[in-house]
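Below are the structure tokens for one structure; questions will follow.
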Amino acid sequence: MRQNSSQTELRAWNNLQWLDLTFSSWGKKEEDNPKDSIFRHLPLVTTFALELPSYCNGEDCSLVFHLSPNFLCNLTHLTLWCDWDKSKIMGTLQHCMNLESLKLDFCSTLEEYLAQTPSTWLDALQSSGIHLVKLRRMDPVGILQDTVEIALRYIKASALEELDLDFESEGQGRGSIVGGMWLPEEIGGFVKMSGCVKTLRKLQIHCLSMDGEDLTNTFVQMPNTVHDIFDDVLESSKAFCHLGGRFCNLVPRLTKLELLHVQPYPYFCAED
């Protein structure tokens, strides 16, 4: 009877499809033996959310988490909060070939990223890329303005339909040019390199100051979107004056446009 009960419990555990896992702390003992790791005993869910503690709350930010390739390959939806060595995140994504939805929280600066990650590893990863051919939606959340290139450089998502970029502006300037890098070009470059120019239908950008020229270039590089959301993005409503009569030509398929938290000017398009 006890054996049957155990089999029933195991079957119920393995039937799970959704798992949220949050750690309040982390220690060296978590990685001593991969076979003893909690990650090697997880059911093969399709939706997984993992929140790891800030590296400043752990003993060592170079620690690893032993998610098996088999577990990662089974995922269709992944949410990951992690400010550790970004190679851990990127290395994990290499096995997520069946992902349809990906939400990542990037929380460290470019200098921290480069200091943590061996250049030889970065070069190899940049050469091969991370191919997520089934990915339909990607949400890089809490990224800093000077890490947008890191967030997008390696991922190839040729079937991407929705891109939601949420910038973290605390303690930084809000300009669209950061460290000599023009963010609209970086975003557009990702779309082009991924091959999703034709498939991308929805674009969301949060917390990034953009002027009319930035807005124009964003539309130029993503002409097939049907729904765009700019939230706390425009410096003022006057940014649209830069578009003029070109708007319909820039985004001929756009049917829904949301401009949220715009700083109002007395006149929408004042005459000079």
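Using 7 Å Cα-to-Cβ label points, what is the HIS41/LEU21 separation (nm, one decimal)?
Reported label-point gap for HIS41 and LEU21 is 1.1 nm.
Also, quick follow-up: Apply the Karplus parameterisation 6.51 cos²θ - 1.76 cosθ + 1.60, with θ equal to phi minus 60°, to every residue of the stretch 189-204 and state each ³J(HN,Hα) to the nearest whole Hz, in sequence, with x for glycine and proline.
Each residue's phi maps through the Karplus curve to give x, 4, 4, 5, 5, 6, x, 10, 4, 7, 9, 5, 10, 9, 10, 10 Hz.
Could you work out the local net charge near LEU250, counting Lys and Arg as +1, Asp and Glu as -1, over the other residues with Cβ closer than 15 Å to its Cβ? Don't jump to the answer; show the numbers that get you there.
Working: positive: ARG246, ARG253; negative: GLU213, ASP214, ASP228.
Result for the neighbourhood of LEU250: -1.
Per-residue HN-Hα couplings for the stretch 223-234, Karplus 6.51 cos²θ - 1.76 cosθ + 1.60 at θ = phi - 60°, whole Hz, x for Gly and Pro?
Working through the residues one at a time gives x, 9, 5, 10, 9, 10, 10, 10, 10, 6, 10, 6 Hz.
Order by neighbour count: SER209, SER24, SER128, SER37, fewest other Cβ atoms within 10 Å first, most last. Walk me through the numbers before you get to the answer.
Numbers: SER209 20, SER24 7, SER128 11, SER37 17.
Fewest-to-most Cβ neighbours within 10 Å comes out as SER24, SER128, SER37, SER209.
Using amide H atoms built 1.01 Å from N in the peptide plane, name the residues 5+ places from ILE155, or on other chains, whose amide H lies under 5 Å from its own.
Those lying under 5 Å, H to H, from ILE155 are ILE130.
If I model a spin label as a point 7 Å beyond the Cα along the Cα-Cβ vector, how far apart are those points for PHE247 and ASP139 in nm?
Taking the two extended label points, one gets 2.8 nm.
Neighbour counts of other C-beta atoms within 10 Å: give me HIS41, HIS95, HIS66 arranged from fewest to most.
Numbers: HIS41 9, HIS95 18, HIS66 15.
Neighbour counts put them in this order, fewest first: HIS41, HIS66, HIS95.
Skipping prolines and chain starts, which residues have an amide H placed within reach, meaning under 5 Å, of the one on GLN204, given they are 5 or more residues away or on another chain?
LEU163, ASP164, LEU165, ILE229
7 Å from Cα along Cα→Cβ at both THR199 and THR255: what's the point-to-point distance in nm?
2.1
Amide H to amide H under 5 Å from LEU50: which residues, 5+ apart in sequence or cross-chain, H placed 1.01 Å off N in plane?
LEU21, THR79, LEU80, TRP81
Now, a different point. Once phi is turned into ³J(HN,Hα) by the Karplus curve 6.51 cos²θ - 1.76 cosθ + 1.60 with θ = phi - 60°, what whole-Hz value does each residue of the stretch 36-49 show in order, with x for glycine and proline?
After applying 6.51 cos²θ - 1.76 cosθ + 1.60, I find 8, 5, 4, 5, 7, 10, 7, x, 7, 6, 9, 10, 9, 10 Hz.
Read-outs: derived from the displayed coordinates by stated rules, not from any lab. From a predicted model like this one, the values you see are computed outputs, not experimental measurements. For neighbour counting, all protein chains shown are included, and Cβ atoms are generated from backbone atoms with ideal geometry for every residue, glycine included.
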